[in-house]
Amino acid sequence: MGRFELVPACAEQEGVLTAMHQDPNDRPAFDAALNWVRRAVDAGQLPSAVLGVATSTGPVLIEAFGRHDGRSTTIDDNFALFSLTKPIVGLATLRLVEQGLLSLRTPLRDVVPGLSADITLWHLLTHTSGIAEGSLTPDDGLLAELTRAGTGFAPGTAIAYSNLAFVGIAEILRSVTGTDLDTALAALPVPFTFDPHTPPVELHGTTEVGLDYPALAKARHPAAGLVGQAEDLLNLGSLLLRKDPALIHPTTLAAMTTPQTLGLPFAVPDPTRSRREYGLTWCLRPTAPELLERRVYGHTGWSGNQWWIYPDLDACLVLLTNMMEPERHGVDADNLLNAFTTALPGS
């Protein structure tokens, strides 16, 4: 398979803004993935979407689909990233560990008085802290929500996916290193922000899932509040694929993508989903029966976002979209992952 090369020119046809590439003979390799997104948009399951592909050399394909806010979607649109925020915050945090400014054993109760459980930074990064989940948009602030949170199990003995744990990570960064989360994110080779110059694409289905997105954005939630473009994630994915120490040292990346939760039970099992393991903030799917390629790390987002890196295949896939819990409308993103990976050489 040849590699795409993006050029500045764009063509808009029937409300779909498409990034151009130089070799039209390369395009059929990703037709299945592109058609999957196109069908979901045409069916109204996804109002808008941007699909991107990258290798270790950089982005090779970005295409936009659908409409929002009265206009066609473009590849430069900002999207609410939701839980894609987590591994980005993880990268910013582990860079400080690399500098010796933080320890994975740093205890949370040293910086958040009132917490009795022996929760460490490692527990927060691996969803094993036991912290009871709270509101994403508490009236009195995220730190107050964390301070009054209890624990459902002894840290390190089970898995419970936790947004509130990332409030603890941000507080450890601030209190121990003197670096706030915004500064740590701005220091990434591909910087990310809670405050984009232009607002993100309009979300659909927020009422149905009980989300007050303006309040979430105002809270700058360290688990779900970042905003970004597909190309941002593709560029970060390229750095990860080539194990560029300008982003993170290969040893640290290996630790981040090694399963940390093998053998631990889920505090609340979900029979509708296959088991997912966690590295240090990355989601891993080594035993997912629904995936044709399981050697992958990445994350999903509440609005249907997908960001997956395939190190053995030198490939990164990004899907940004704007329908809250699109699985309620029949969207199964694992079908997209299978269509994508089977188009890659070596799969």
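The values are calculated or read from the model by the stated rules, or taken from the named source; none is laboratory data. For clarity, every value in this text was computed on a predicted model and none was experimentally measured. Every residue, glycine as well, gets a Cβ built from its backbone with ideal geometry; the counts of neighbours run over all protein chains shown. All accessible areas refer to the heavy atoms of the entire protein, side chains included, with ligands and DNA or RNA removed. Shrake-Rupley method; radii C 1.70, N 1.55, O 1.52, S 1.80 Å.
If you take all other residues with their beta carbon under 12 Å from the beta carbon of Gly134, and give Lys and Arg +1 and Asp and Glu -1, the sum is -3. Diffusion coefficient (Stokes-Einstein, Kirkwood radius over C-alpha pairs, 37 °C, 0.692 mPa s) for the chain: 160 µm²/s, rounded to a whole number.
A simple spin-label model places the labels of Ala255 and Asp212 3.9 nm from each other, with each point 7 Å out along Cα-to-Cβ. Each of His127, Thr157, Leu108 was placed along the dipole of segment 104-168 (beta-carbon charges, centred on the mean Cα), and the one lying farthest toward the positive end is Thr157.
Rounded to the nearest 10 square angstrom, Trp122 shows an accessible area of 60 square angstrom against a 1.4 Å probe.
If you take all other residues with their beta carbon under 13 Å from the beta carbon of Asn322, and give Lys and Arg +1 and Asp and Glu -1, the sum is -3. For Glu293, the shell of other residues with beta-carbons less than 12 Å away shows a net charge of 0, using +1 for Lys and Arg and -1 for Asp and Glu. Residues whose amide H falls under 5 Å from that of Tyr297, counting only those 5 or more places apart or on a different chain, are Ile309, with hydrogens built in the peptide plane.
Full extension of the chain between Ser274 and Ala132 yields a length gain of 48.9 nm, computed as 0.36 nm times the residue separation minus the alpha carbon distance.
Give me the Kirkwood hydrodynamic radius of segment 128-277, using the inverse of the mean 1/r over all pairs of distinct Cα atoms, in Å to one decimal.
So the Kirkwood estimate lands at 17.7 Å.
The residues of segment 201-308 present an accessible area of 42 Å² per residue when probed at 1.4 Å with all protein chains retained. Note that segment 45-163 presents 34 Å² accessible area per residue, ligands and nucleic acids not counted, probe 1.4 Å.
Averaging over every viewing direction, what projected area does the convex hull of the Cα atoms of segment 220-347 cover, in nm²? The Cα convex hull of segment 220-347, projected and averaged over all directions, gives 8.8 nm².
When only alpha carbons are used to place a centre, segment 48-88 and segment 191-257 end up 11 Å from one another.
With both labels modelled 7 Å from their Cα along Cα-to-Cβ, the Thr198 to Leu104 distance reads 4.1 nm.
Surface composition of the chain: carbon and sulfur make up 51 percent of the accessible area, probe 1.4 Å.
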